[in-house]
Amino acid sequence: MLGKISNFFVKLMQKYMPDPFLFVIVLTLLSFVMALLLTPTPFIKMVEDWYKGLWAILTFGLQMVLILVTGYTLAETKIIKKFLTFLAGIPSDQANAAVMIFLIAAIASFINWGLGLITGAILAREIAKRVEKADFGYLVASAYIGFIVWAGGLSSSIALVIASKGNPMNIIEQHTHEIVGLSQTVFAWYNLIATVITVIILSFVIYFTQPKKDLKIIDKSILETQDKELEQAKEVKKDNTFASKLENAWILNVIVFLIGLIYLFKFGFKLDINKFIFIMFLAGLILHWKPIVYVKTFNNAAKVTGPLILQYPLYGGIMGLITGSGLAAVMAGWFVSFSTAHTLPFWSFISSIIISLFIPSGGGHWVVQAPIMVPAAQTLGSSQALTAMGIAYGEQVANMIQPFWALPILAIARLGAKDIMGYCTLALFIGTIIFGSMLIIVG
C-alpha cells in the first residue's frame, strides 16, 4: 500500500512540479492575489513592500548561505569523506541503502542543517556507484527527507534566535524580556522524543516505498567523471615560491583555530546563528589543515549556493509583501482566533506549514509569524518555547513539498525537483501527524 501511495505522488510530482525558480514566481503572484482579496492594502503599496523585502532579508540570507557552505566544506574533509565512503560500502540493495542515507542525513541535519543536506547528497552519490539497480532519485530523496528534523536540531534558526540576547529577531525577548534557552527547545524531552519517533517511522516508510519498476539508474561513469572534476578543482600546486609556501602553511590554520577556541572558552559556547557558523568554520579549517585546501574546498562548496542566492531575495520579497500588506497577520489570526492556551502551539504549527510554502526559511517566517503568535501566547498563557517550536516544526515539515532547500542536494546530485519530491510527500503527512500530536500532548 505504501509503495502504491508513494508511486502515485512520484508520478504526480513528475508531471506537475515546475523548476523551483518558477515555483517561487508562482508563489509571488499568488501572494499578490491573496493580499488583494484579503487585505485593504493598495496595490502600489504591495509593490513597494515587495521591493523592500527583496533586500531586507540579505543579512539573514547570507547567514543561511554560510551555514550551508561551511557545512559542505566540513563534509568534504578527508576524515568525513572516508567515513562516508566506508558507509557507502555497507548496503547491498537500494532499500537498505536509502534507509542508511536517510539516517545519516537526519543525524547530520540535527547537528547542522547544511551538513545534513550535503552529507546526504554525497552519500547518495557514493552509494549509487556501488549498489546495482538503485533508483538514483529515490536515494537522493531519502537524503532530503532526513532534513525533516533540522528545525528541532542544533542549527535551528528559530531556536538559536530566541536563545540570542539582543538579537533583533528575538521577538520573545522584545515582548517578555525573557531568553528561551536551548534546554527549553532543542534539548527539551518532547522535541527529542518527537524527533526519534519520526526518524524510526520514516525509516520503515522509506524501506517499504522503494520503487520496483522503471528504475532510473544513473550511469556510474557519469558520477565518477564529476568527482574527478571536483578533485581537479581542489588540486594544490606546490612550488618553492613564497606564495606557495604561505598557502600551504598549516600553522596559519592552527593559529586561527586556537584564536577561535580562546574566544569560545572566554565568552562561552552558548549557540546562536553567528557562533554556530563560526564553529563550523573552525572545524573545517583545522580538518582541511592547509589554508589553500580550505579555500579551494570552500569555493567549490559555494558553487551549489547559486540557486539559493537567486531565490532567497525573491522569497524575501514575498515576506515583505505578506507582512506589509497584513496578509500574514490575517492568515495567522485565523488560527489564533479559535486557539486556547493548550492548542496555540498546535495551531502555530499548522499555520506555519501554510506560511512556510511562501517563506521557506525558519528565521524568515519567524519574523512574519512571531509578531502574531508571541503576543497571543503571552495573552493566553501558552508556553513561548512550545509555540516557537510549533512554528519551527511547521517549517521543517513543509520543506518536504517546498523545493527551495532541496536545491543544494539537487545541485550536487544534478537532478530536478520533480525527481525527488514525490517520495518526500509521504514524509510531509507523517511529520505533520507526529509533531502535531506531540504539540497537542505537551501543550
Net charge dipole size for the chain [Lys, Arg +1 and Asp, Glu -1 on Cβ; Debye, nearest 20]: 720
Residue-level accessible surface for residue 342, protein heavy atoms, 1.4 Å, Å²: 80
GNM top mover of 322, 217, 101 - the chain, alpha-carbon springs below 10 Å: 217
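In what sequence, largest accessible area first, do 135, 19, 93, 214 appear using a 1.4 Å probe?
In descending accessible area the options line up as 214, 19, 93, 135.
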Convex hull per residue volume in Å³, alpha carbons only, for the stretch 249-317: 91
Selected from 190, 263, 315 as most flexible by GNM, with the chain as the system and alpha-carbon contacts under 10 Å: 263
Sites residue 45 and residue 433 - FRET efficiency at Förster radius 51 Å, r taken between beta-carbons, to 0.05: 0.80
Share of carbon and sulfur in the accessible heavy-atom surface of the chain [1.4 Å probe, %]: 70
Choice from 275, 82, 266 showing the highest fluctuation, given a GNM over the chain with Cα pairs closer than 10 Å: 266
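If contacts are Cα pairs under 8 angstrom and at least 6 residues apart, what is the relative contact order of the stretch 98-210 in percent?
Worked out over the stretch 98-210, it gives 28 percent.
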Cα-based helix-to-principal-axis angle, 136-145 vs the chain, degrees rounded to 10: 50
Cα-based shape type of the stretch 358-443, given that a ≥ b ≥ c are square roots of the gyration tensor eigenvalues and the cut on a/c is 1.5: oblate
Span from the the stretch 282-341 Cα centroid across to the the stretch 149-200 one, whole angstrom: 17
Extension reserve of the residue 440-residue 19 stretch, reckoned as 0.36 nm per residue once the Cα distance is removed: 148.0 nm
Structure-based [θ]222 nm, the chain - -39500 (n - 2.57) summed over DSSP H runs of at least 4, per residue, nearest 500: -24000 deg cm²/dmol
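Longer than 25 Å from Cα to Cα, which of 165/290; 245/266; 81/228; 213/303; 129/228; 82/303 are they? Say none if no pair is. Present the calculation step by step, with values, prior to reporting the outcome.
On the way: 165/290 35 Å; 245/266 32 Å; 81/228 15 Å; 213/303 34 Å; 129/228 14 Å; 82/303 22 Å.
Among 165/290; 245/266; 81/228; 213/303; 129/228; 82/303, the Cα-Cα distance tops 25 Å for 165/290; 245/266; 213/303.
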Where a label projected 7 Å from the Cα of residue 380 along Cα→Cβ would reach, residues of the stretch 153-179 with amide N under 17 Å: 172
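Once the piece of chain linking residue 59 and residue 179 is laid out straight, how much longer is it, given 0.36 nm per residue of separation minus the C-alpha distance between them?
So the chain would gain 41.0 nm between residue 59 and residue 179.
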Crossing angle, helix 94-111 versus the chain [Cα axis fit, 0-90 degrees, rounded to tens]: 70
Neighbour count of at most 14 Cβ within 10 Å plus DSSP loop: longest GluC sites (Glu not before Pro)-free window in the chain: 236-443
With DNA, RNA and ligands ignored, accessible area of residue 145 (1.4 Å probe; Å², nearest 10): 10
Zone residues, the stretch 310-325, relative to residue 38, backbone N less than 11 Å from point 7 Å out along Cα-to-Cβ: 322-323
FRET efficiency estimate (nearest 0.05) - Cβ-Cβ, residue 30 to residue 217, R0 30 angstrom: 0.20
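The values are calculated or read from the model by the stated rules, or taken from the named source; none is laboratory data. In this text, all values refer to a predicted model and were calculated from it rather than measured experimentally. We place every Cβ from the backbone using ideal geometry, glycine too, and count neighbours over all the protein chains shown. Surface areas here come from the heavy atoms of the whole protein model, side chains and all, with no ligands, DNA or RNA. Shrake-Rupley method; radii C 1.70, N 1.55, O 1.52, S 1.80 Å.
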